[in-house]
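For reference, the structure discussed in these notes is given below.
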Amino acid sequence: KALLLLDGLDEVKEYALTEVRGAISHVLGLRNGTRVVATCRKFDYRQSIPNRKIAIERELELLPYSPQEQKVYVERWYAAAVRIGRFTDIQAEELGWALIQELRVEELAELAESPLLLALLTLIHSEEAKLPDTRAVVCDRAITYMLADSAKWRIREAGSSTIASPPVLSLAIELAYRSHLEEEKNTSEMISGVSVELVKECASQICDVMARADSTKSAPSADDLARRLLKSHGLLLDIGR
């Protein structure tokens, strides 16, 4: 009569995916009363490569968070922060109330409907005690977390960063600039993101500049820089084109 709550199928590494899917399918096939709830980002779940589909009885898609659900999320976040000793009860109550008011601002209300973005907004607020005034700056802050090696609120591997490093940010900025240029040149065609080849090309150029700028410091390798951007935990999605 167990209820297995398996959160984050989208975060399972590709090398372990077959084994994890097999284990879930095995439990589902036992028919002994064990119930299973597995969660996955819908974009990842719909992709055929890598395949994250499991033979589960029902598939449900969660709707965007309502204002009331956002309020509950924020209150629980700060309550958890109190339990680990990060804030006092009074501090958590004041911060939580302030964030709930800030999320009602029109520029931010739509962002808070997404579970991932609400987590990032709450993280930013808990670090800085106030969200930036404009949506653009909020997105900039969020990107520094989304381009990190690991999510700050999850268990992570030793040596992995929870904030994007300057070389990774430089690479992201260069790719965004290149993408905008391509859109201006091809106004009649649909642009579908950036290629892995372009990521590696820009990474090589950035590493060369870093090496020439200061020969006393070791610059990251182009392959490592490209890999860190491609494997960042939330900003880039592989569409397989």
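Any idea which residue in region 83-113 is least open to solvent (accessible area, probe 1.4 Å), counting only those that are modelled with pLDDT of 90 or more and of a type in the set (K, R)?
R104
May I ask you to list pairs of residues, at least six apart or on different chains, whose Cβ atoms are under 6 Å apart, with the first in region 202-231 being within 19 Å of R178 (Cβ to Cβ) and the second being among the polar types (S, T, N, Q) and open to solvent by less than 80 Å² (accessible area, probe 1.4 Å)?
I206/S170; A222/S204
Go through (1) in a helix (DSSP H, G or I); (2) over 23 Å from A172 (Cα atoms) for Y145 and report which single condition fails.
Just one mismatch for Y145, condition (2).
If the requirement is being modelled with pLDDT under 70, among the acidic types (D, E) and closer than 23 Å to A142 by Cβ, which of these qualifies: E183, E157, E174, E189?
E157
Need the failing condition index for G22 against (1) open to solvent by less than 50 Å² (accessible area, probe 1.4 Å); (2) touching a residue at least 12 places away in the same chain (Cβ under 8 Å); (3) farther than 24 Å from P115 by Cβ, just the number.
It fails just one condition, (2).
Mind listing whichever residues of region 128-151 are open to solvent by less than 50 Å² (accessible area, probe 1.4 Å), closer than 29 Å to L225 by Cβ and aliphatic (A, V, I, L, M)?
V138, A142, M146, L147, A148, A151
Among the residues of region 115-127, is there at least one that is open to solvent by less than 50 Å² (accessible area, probe 1.4 Å), over 24 Å from K42 (Cα atoms), among the aliphatic types (A, V, I, L, M) and touching a Lys or Arg at 6+ places or on another chain (Cβ under 6 Å)?
yes
Search region 70-91 for residues that are on the phi < 0 side of the Ramachandran plot and pair each with any residue that is open to solvent by 70 Å² or more (accessible area, probe 1.4 Å) when their beta-carbon atoms are under 6 Å apart and the residues are at least 6 apart or on different chains.
Listed by first residue and then by second, the contacts come to V82/D89.
Give just the number: which of (1) surrounded by 13 or more Cβ atoms within 10 Å (Cβ to Cβ); (2) within 22 Å of the chain's Cα centre (by Cα) does D7 not satisfy?
With respect to (1) surrounded by 13 or more Cβ atoms within 10 Å (Cβ to Cβ); (2) within 22 Å of the chain's Cα centre (by Cα), D7 is out only on (1).
Considering each of L28, L60 in turn, give the residue that is open to solvent by less than 70 Å² (accessible area, probe 1.4 Å) and either over 20 Å from L116 (Cα atoms) or out of contact with any Ser or Thr (no Cβ under 9 Å at 6 or more places or on another chain) (or both). Show your work before the answer.
Details: L60 fails: open to solvent by less than 70 Å² (accessible area, probe 1.4 Å).
Exactly one of L28, L60 is open to solvent by less than 70 Å² (accessible area, probe 1.4 Å) and either over 20 Å from L116 (Cα atoms) or out of contact with any Ser or Thr (no Cβ under 9 Å at 6 or more places or on another chain) (or both), namely L28.
The values are calculated or read from the model by the stated rules, or taken from the named source; none is laboratory data. Note that the structure is a prediction, hence the values are computed from the model and not measured. Backbone-built Cβ (ideal geometry, glycine too); neighbour counts: all protein chains shown. Calculation scope for accessible area: heavy atoms of the full protein, side chains included, ligands and nucleic acids excluded. Shrake-Rupley method; radii C 1.70, N 1.55, O 1.52, S 1.80 Å.
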